[in-house]
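The values are calculated or read from the model by the stated rules, or taken from the named source; none is laboratory data. Quick caveat, the model's predicted, so the values are computed rather than measured. Neighbour counts run over all protein chains shown; Cβ positions are idealised from the backbone, glycine included. Each accessible area value is taken on the protein alone, full model and side chains, heavy atoms only, with ligands, DNA and RNA left out. Shrake-Rupley method; radii C 1.70, N 1.55, O 1.52, S 1.80 Å.
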2 protein chains.
Amino acid sequence: MERTCGNGTLRLEDVGREVTLIGWVAKRRNLGSLAFIDLRDRSGVVQVTFDETIADQVKDVRSEYILQVTGTVVKRQAANPKMATGEIEVLAKNVVIVNSAETPPIEITDDSSTNEDTRLKYRYLDLRRPVLQKNMILRHKVCMIARKVLDEKGFIEIETPILARSTPEGARDYLVPSRIYNGKFWALPQSPQIYKQLLMISGMEKYFQIARCFRDEDLRADRQPEFTQIDIEMSFGDENTVFSVVEDLMKAIFRETIGYELEDTFVRLPWSECMRLYGTDKPDLRFGNTIEDLSDIFAETGFQAFRTVLDNGGMIGCLRFADAADKYSRKGLDKLQDFVKHGFRAKALAYLKMEKGELTGSVAKPLSETEKAAIIEKLSLTDNDLVLIIADQAKIAESGLGALRVRLGHELGLIPENVYKFLWVTDFPMFEYSEEENRWMAAHHPFTAPKEEDVERLFSDPGSVSSRAYDLVLNGYELLSGSIRIHDQDLQEKVFEAIGLTMEKARERFGFFLDAFRYGTPPHGGVGIGLERLVMVLAGTDNIRDVVAFPTTNSSLDLMSDAPNVVDKAQLDILGIEISNKDKD
Amino acid sequence: MERTCGNGTLRLEDVGREVTLIGWVAKRRNLGSLAFIDLRDRSGVVQVTFDETIADQVKDVRSEYILQVTGTVVKRQAANPKMATGEIEVLAKNVVIVNSAETPPIEITDDSSTNEDTRLKYRYLDLRRPVLQKNMILRHKVCMIARKVLDEKGFIEIETPILARSTPEGARDYLVPSRIYNGKFWALPQSPQIYKQLLMISGMEKYFQIARCFRDEDLRADRQPEFTQIDIEMSFGDENTVFSVVEDLMKAIFRETIGYELEDTFVRLPWSECMRLYGTDKPDLRFGNTIEDLSDIFAETGFQAFRTVLDNGGMIGCLRFADAADKYSRKGLDKLQDFVKHGFRAKALAYLKMEKGELTGSVAKPLSETEKAAIIEKLSLTDNDLVLIIADQAKIAESGLGALRVRLGHELGLIPENVYKFLWVTDFPMFEYSEEENRWMAAHHPFTAPKEEDVERLFSDPGSVSSRAYDLVLNGYELLSGSIRIHDQDLQEKVFEAIGLTMEKARERFGFFLDAFRYGTPPHGGVGIGLERLVMVLAGTDNIRDVVAFPTTNSSLDLMSDAPNVVDKAQLDILGIEISNKDKD
């Protein structure tokens, strides 16, 4: 059953060739005594024509039958420009029905209107859709390129356990009861974090793994209970070493999958500056319109609303959108105000429009001429420019303006397609204060190194300590996060202390890991790259299920195999566990 | 902290080079005012000499400290032939103590006598041993080569779920309680079997995955609770297609890791012939000494013991070992007899020795001169040859002789080292009769296709049905197993029926999988290659823990992280499960 080529590969230059094809019937039509069948395989679709001498042999053939066809490639009388193979067709001489098919329960086309749940139930049929096949191949390619690049740089892939011990990260663990040790559990790893650091301690120097990770969270649209991470760790380097590896990796992936050349060196911004300019630590750098601080202009203002904000240590922040004033009516601006009020707790949204050389708008009246002139100069305003202003606590003003920036970026079409802008965000805060737990918590994870010059403030002013954590942001998405780790046992103990973890508790949770630091730990750091997110960006989809072969729903159900599911009581007895009724709690 | 090269890479031609090295102190010695330090990194070890101008800076340095050294490569006065770098040393000009180390709790040398449990507890230190580092790199290489070969052949790697539904295979499943769906469970896959067949149904055509698999078994020495499989499946081919892919894969792996050229085409033997010649379905083909059947010679024998065996349908089987008679005394032969009696339920082991042209030994007397002459002729016996005979039911005689063959192969040094002999065993029995369950069971798994010509005997004579399952055996180890699968729903239902599975039960267990067969299933087949076993063979080790980064003990314990372990009751409450006391059963 040897085929000579892929169905989707045939072109005009193949005319005259005798070919043997195999594939699924995507569509059939009859025209008098002729039958036309679109035959689909992984490479694409080609039209096969059965003339009167042979059409009878395919008279019962319907959608999704599998055929093997031998025939000659001929030029089509009327080309079909919508098909890659549209200039030719194959005139069948011989046909074998390899297998028959019942009518499929879902439509197998990329523009299928079948709802997603039904398609997930019949995922094995939905995966026949060309776009999903393309995405699976893309994902495979990304992994192949990543492995090639990292292997060439001397990294070795090492598999770390999936049956592991509970790790002290943020999310809930999936637990696996041990049959042999009644009452004890394995945990599925949220990431290989501890293992990869142990591998640095064990002298592996450069490790990577395309690793399965598990988080028992209430899912969001772009999460799955299990996901994959390109996990990298290296010894004896610093941020520059890590960044350079990741940049080379990204450049190779973008070049070899979508033919896109990334900038040679990615932009870097310390977290505080990133927040100041973009109001978010995941800014989309495909367009400008950064946040401007007008506070200086209003230092002596008589406008009471601004006055109060500044007196309370707040800021007068704004965004300028060129040539956009006429695109936002009063009603449109009210919507924007609702957006920042409800989404970001801003007290109000003020605006100014530049019209015929003059500023109009909600705060045009109370501002002095000097102030208005200063604004026009600072923002280089010209006619029809729009200025959106939030006067509030800096945190609120920045996050509100950051969100407005993205919203107007979309509404005004400021974001170019097919452009990829990377950004390293560095110097994250080391700790976040948890009002709930009434203590400082590690913002990244407790193995992240603080910046050396900030170590002395670990206890006196934890909120001011920056860490050596970094994120790589792509077009407004967090693509990876990572850090330089602590490699000194004393410092590690201090950091635990700073987040209120006693040595006793720390030892109980990961004593073996702390022990490991004693015996010659190299400086090390690394990253974990979200594979699904990366492939989503490359595939141009917002649906994580488009890049996962067998995904779950947002409510964590595998509709195809109907998992999770009940098991026999005997299985539970062997494991020594019982189901308790949660409802009684 | 940029190093210029790996410590283990330096050679005589580097003399005069100024280098910067980083590594762990493997050993230090003092000689007067000089200090000699063996500095180890992933690439190997080099001796660094600190003269009186700098020795003081390393006076506190002990084993496993990390040093960064800049110095000049010089020729050693007396070369050390045991070290790859033994012809040179590095004269230190500058040294930085990167990190200190406490005295490690285990000896970090390949000839360490520390017991394995202690080494497993400090696995992160044991992994510093050069041989384990080499094995991890070898494993990485095998995977890289496998991916390259398969990618070039058009296979795409697709990740299948680890949170899955219980599959109907032999071993026990690891279960994962669902937090969201109280009383329901995920199961960790014993293999991606169902998923990969679904991927064929979904038109992926050529799939592979280096996949983690899980079996909750009582472990044997060469098993781990989780293991890795090079999992391959392809559509539209037959056994030849599968074999050719695997043979190319093996050839590339052996060539590119250990520089060994495998035979162009691997030997194939049907299972029944394999059993007849070797008494096992995992024969070691590195040496001959196959089983000979002497039954014909004794068709008319007067020797009562043989007579009875033949009358009861048994066989007189034997092995011939050239020039080995003097190596087995009466006592040695008694040991062999005990071995086949206790291990294989043989009633006795008879022997003959060729001495001065005559047969002597335990059955020399009762045999007629004609019979003895026939034996000498059939086996081409010459002086000092040893013949071991088991007269018994064929199954017992074959398995006993098969085991003796391997034992004497080792004892007589008949098995060449560094030789790799592959064998495809084909045409396995489709079913095995389970006395325990009083029914026929699938010998491979229930998705394996029967041989076409045997389908008509599925119900009339299931014991005579051969399957399209195959194993690849290497030097006596099963390296992989696989099969051509059923791709026809009717046939699948018949096979279920033949193993006593009602359609109702079959539907309950994997209805979604049966449904999938309706919509155009291509002929398909594949294999699952045991990665650990393959790497073990290439690394020349019998201990699976030598090729797994973080293994468990044989009793399924991770001694390093002390997993599995207890978890908080709150975690169990969230999952809606309780621990039941198994002892009460």
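For this structure, a couple of remarks:
- Complete set of residues in region A:1-19 that are under 41 Å from the mean Cα position of the chain (by Cα) and either within 14 Å of chain B (Cβ to nearest Cβ) or within 19 Å of residue B:241 (Cβ to Cβ) (or both): A:2, A:3, A:4, A:5, A:6, A:7, A:8, A:9
- Of the residues making up region B:123-138, those that are closer than 15 Å to residue B:257 by Cα, facing chain A (nearest Cβ under 8 Å) and in contact with a helix residue (DSSP H, G or I) (Cβ under 8 Å, 6 or more places away or on another chain) number 0.
- As a summary of the residue check, residue A:481 satisfies the conditions (1) over 30 Å from residue A:123 (Cα atoms); (2) at pLDDT 90 or above; (3) open to solvent by less than 30 Å² (accessible area, probe 1.4 Å); (4) more than 7 Å from every other protein chain (Cβ to nearest Cβ) except for the one numbered (3).
- Test: residue in region B:506-518 that is open to solvent by 10 Å² or more (accessible area, probe 1.4 Å), within 8 Å of another protein chain (Cβ to nearest Cβ) and outside any helix (DSSP H, G or I): yes
- Listed by first and then second residue, the pairs linking a residue in region A:174-201 that is closer than 21 Å to residue B:576 by Cα to a residue that is part of a helix (DSSP H, G or I) and of a type in the set (D, E, K, R), with Cβ atoms under 6 Å apart and 6 or more places separating them unless they lie on different chains, are A:182/B:582.
- Taken over region B:454-478, the criterion of being without any contact (Cβ under 8 Å) to a residue 60 or more places away in the chain and closer than 30 Å to residue B:251 by Cα is satisfied by B:467, B:469.
- When each of A:111, A:126, A:151, A:117 is tested for being among the acidic types (Asp, Glu) and in contact with a Phe, Trp or Tyr (Cβ under 9 Å, 6 or more places away or on another chain), the lone residue that passes is A:151.
- Yes/no for residue A:180 being aliphatic (A, V, I, L, M), open to solvent by 40 Å² or more (accessible area, probe 1.4 Å) and farther than 28 Å from residue B:135 by Cβ: no
- Any hit, region A:233-246, residues being of a type outside the set (Ser, Thr, Tyr), buried (at least 22 other Cβ atoms within 10 Å of the Cβ), over 19 Å from the mean Cα position of the chain (by Cα) and in a strand (DSSP E or B): yes
- Residue check, residue A:282 within 30 Å of residue A:144 (Cβ to Cβ) and not hydrophobic (A, V, I, L, M, F, W, C): yes
- Some residue of region A:152-164 being free of Cβ contacts under 8 Å to residues at least 24 places away in the same chain and over 27 Å from residue A:536 (Cα atoms): no
- Selection within region B:64-83 - out of contact with any Leu (no Cβ under 7 Å at 6 or more places or on another chain) and either surrounded by 21 or more Cβ atoms within 10 Å (Cβ to Cβ) or without any contact (Cβ under 8 Å) to a residue 40 or more places away in the chain (or both): B:64, B:65, B:66, B:76, B:77, B:78, B:79, B:80, B:81, B:82, B:83
- Residues of region B:257-313 that turn out to be more than 30 Å from residue B:373 (Cα to Cα) and outside any loop (DSSP other than H, G, I, E, B), as a count: 7
- Test for residue B:304: is it open to solvent by 20 Å² or more (accessible area, probe 1.4 Å), within 14 Å of chain A (Cβ to nearest Cβ) and not aromatic (Phe, Trp, Tyr): no
- Elements of type strands (runs of 3 or more DSSP E) in region A:152-228, at least 2 residues being more than 7 Å from chain B (Cβ to nearest Cβ): A:206-214
- Applying a threshold of 6 Å to beta carbon distances and a minimum spacing of six or more residues, or different chains, the list of pairs starting in region A:86-100 at a residue that is in the same structural domain as residue A:24 (by TED's automatic domain parsing) and part of a loop (DSSP other than H, G, I, E, B) and ending at one that is surrounded by fewer than 18 Cβ atoms within 10 Å (Cβ to Cβ) and of a type in the set (A, V, I, L, M, F, W, C) reads A:86/A:79; A:87/A:12; A:87/A:79.
- Residue tally, condition open to solvent by less than 10 Å² (accessible area, probe 1.4 Å) and either outside any loop (DSSP other than H, G, I, E, B) or of a type in the set (A, V, I, L, M) (or both), over region A:561-573: 1
- The criterion of at least 1 residues that are hydrophobic (A, V, I, L, M, F, W, C) and out of contact with any helix residue (DSSP H, G or I) (no Cβ under 6 Å at 6 or more places or on another chain) is met by the following strands (runs of 3 or more DSSP E) wholly inside region B:348-418: B:350-355, B:386-392.
- Residue within region A:47-54 that is more than 14 Å from chain B (Cβ to nearest Cβ), within 45 Å of the chain's Cα centre (by Cα), assigned to a strand (DSSP E or B) and loosely packed, with under 15 Cβ neighbours inside 10 Å present: no
- The one condition in (1) under 19 Å from residue A:404 (Cα atoms); (2) outside any helix (DSSP H, G or I) that residue A:326 fails to fulfil: (2)
- Flag: residue A:449 matches the condition of being crowded, with 19+ Cβ neighbours inside 10 Å and touching a His at 6+ places or on another chain (Cβ under 9 Å).
- Single residue of region A:487-533 satisfying the filter (modelled with pLDDT of 95 or more and of a type in the set (A, V, I, L, M)) that is farthest from residue A:436 (Cα to Cα): A:531
- Applying the set (1) facing chain B (nearest Cβ under 7 Å); (2) open to solvent by 40 Å² or more (accessible area, probe 1.4 Å) to residue A:550 leaves exactly one unmet item: (2).
- Checked against the criterion of being at pLDDT 90 or above, at negative phi and open to solvent by less than 20 Å² (accessible area, probe 1.4 Å), the candidates A:579, A:544 yield just one match: A:544.
- When each of B:410, B:444 is tested for being loosely packed, with under 14 Cβ neighbours inside 10 Å and either modelled with pLDDT under 95 or not small (Gly, Ala, Ser) (or both), the lone residue that passes is B:410.
- Residue-level analysis places residue A:217 outside the set of residues that are open to solvent by 10 Å² or more (accessible area, probe 1.4 Å) and either touching an Asp or Glu at 6+ places or on another chain (Cβ under 9 Å) or polar (S, T, N, Q) (or both).
- Across region B:553-571, the number of residues qualifying as touching a Ser or Thr at 6+ places or on another chain (Cβ under 9 Å) and more than 8 Å from chain A (Cβ to nearest Cβ) comes to 1.
- Enumeration of residues in region B:26-36 that are within 14 Å of chain A (Cβ to nearest Cβ) and either open to solvent by 80 Å² or more (accessible area, probe 1.4 Å) or touching a residue at least 60 places away in the same chain (Cβ under 8 Å) (or both): B:26, B:27
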